[in-house]
Every structure is written in C-alpha cells, then in structure tokens.
Amino acid sequence: GLSVEGLEELKKIFPVCAICGVKESATVLHVDHCHTNGTVRGRLCVNCNSGVGQFKDDIKLLHRAAEYLVGDNPKCKRWDSKLARTPHLRTEKAK
C-alpha cells in the first residue's frame with residue numbers, strides 16, 4: 001500500500017537490508033511490515049525477511065535463538081554437557 005514516493009523515500013532510508021546489510025544490487029529487498037498493525041519497519045533481503053517470519057515476528061523467540069547461538073542459554077549449557085558425553089554427535093571441527 002505504499003505510494004511510489006513512499007517507496008522511493010524508504011529506499012533512501014534503507015539502501016541495504018536493515019539486518020544483514022546486503023546491497024540491493026545483489027538481491028531484491030522487500031518492504032517489511034508489522035503483521036499486527038501494518039506499520040512499515042524497513043527493507044529486508046529475502047533471507048532476513050524469511051528468518052524473521054520463521055520466528056513469527058516474536059522478539060522472545062529471536063532472543064532465545066541468539067542466546068542459543070552464543071551459548072548463554074541455560075538450556076544450551078545443559079545440552080552442551082550432554083553433547084560432550086556423546087562424541088558421535090560432534091562434528092570433526094568440534095573434536
């Protein structure tokens with residue numbers, strides 16, 4: 001529902017993906033919006049837009065995913081100790 005002028009202004013504000021920074025010349029950037037109220041949030045590449053969508057735009061899930069990746073999640077630490085006792089689940093790089 002953006003006007004041509006609105007889209008051009010958004011392109012000036014977000015010339016790259018708002019999350020990963022990929023340039024529009026390398027991919028298509030989509031207009032991202034809040035699914036609850038329709039507010040435009042920015043422009044995202046297909047990967048970042050899909051990623052946010054897979055987490056259902058839920059900031060708590062995104063925080064948990066970030067904590068999981070950095071190993072700060074208490075559950076992750078529990079899993080880490082279980083994985084350490086299961087060497088056949090470790091990759092060659094982790095061994």
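The values are calculated or read from the model by the stated rules, or taken from the named source; none is laboratory data. The structure displayed is predicted, hence computed values, not measured ones. Backbone-built Cβ (ideal geometry, glycine too); neighbour counts: all protein chains shown. The protein model used for the area step is the full one, side chains on, heavy atoms only, and it has no ligands, DNA or RNA in it. Shrake-Rupley method; radii C 1.70, N 1.55, O 1.52, S 1.80 Å.
Selection over segment 11-34 of residues that are assigned to a helix (DSSP H, G or I) and of a type in the set (Gly, Ala, Ser) gives a count of 2.
Cβ separations smaller than 9 Å between residues 6+ apart or across chains give the following pairs from segment 55-68 residues that are on the phi > 0 side of the Ramachandran plot to residues that are of a type in the set (S, T, N, Q) and loosely packed, with under 15 Cβ neighbours inside 10 Å: Asp57/Thr36.
What residue, among those in segment 58-93 that are at pLDDT 75 or above and part of a loop (DSSP other than H, G, I, E, B), is most open to solvent (accessible area, probe 1.4 Å)? Per the stated criteria, the residue is Arg85. For segment 35-57, the condition holds for at least one residue, the condition being that it is of a type in the set (D, E, K, R), open to solvent by 60 Å² or more (accessible area, probe 1.4 Å) and assigned to a loop (DSSP other than H, G, I, E, B). Taken over segment 1-16, the criterion of being of a type in the set (A, V, I, L, M, F, W, C) and open to solvent by 70 Å² or more (accessible area, probe 1.4 Å) is satisfied by Leu2, Val4, Ile13.
Based on this model, can you work out whether Val28 counts as at pLDDT 90 or above, open to solvent by 70 Å² or more (accessible area, probe 1.4 Å) and not charged (D, E, K, R)?
yes
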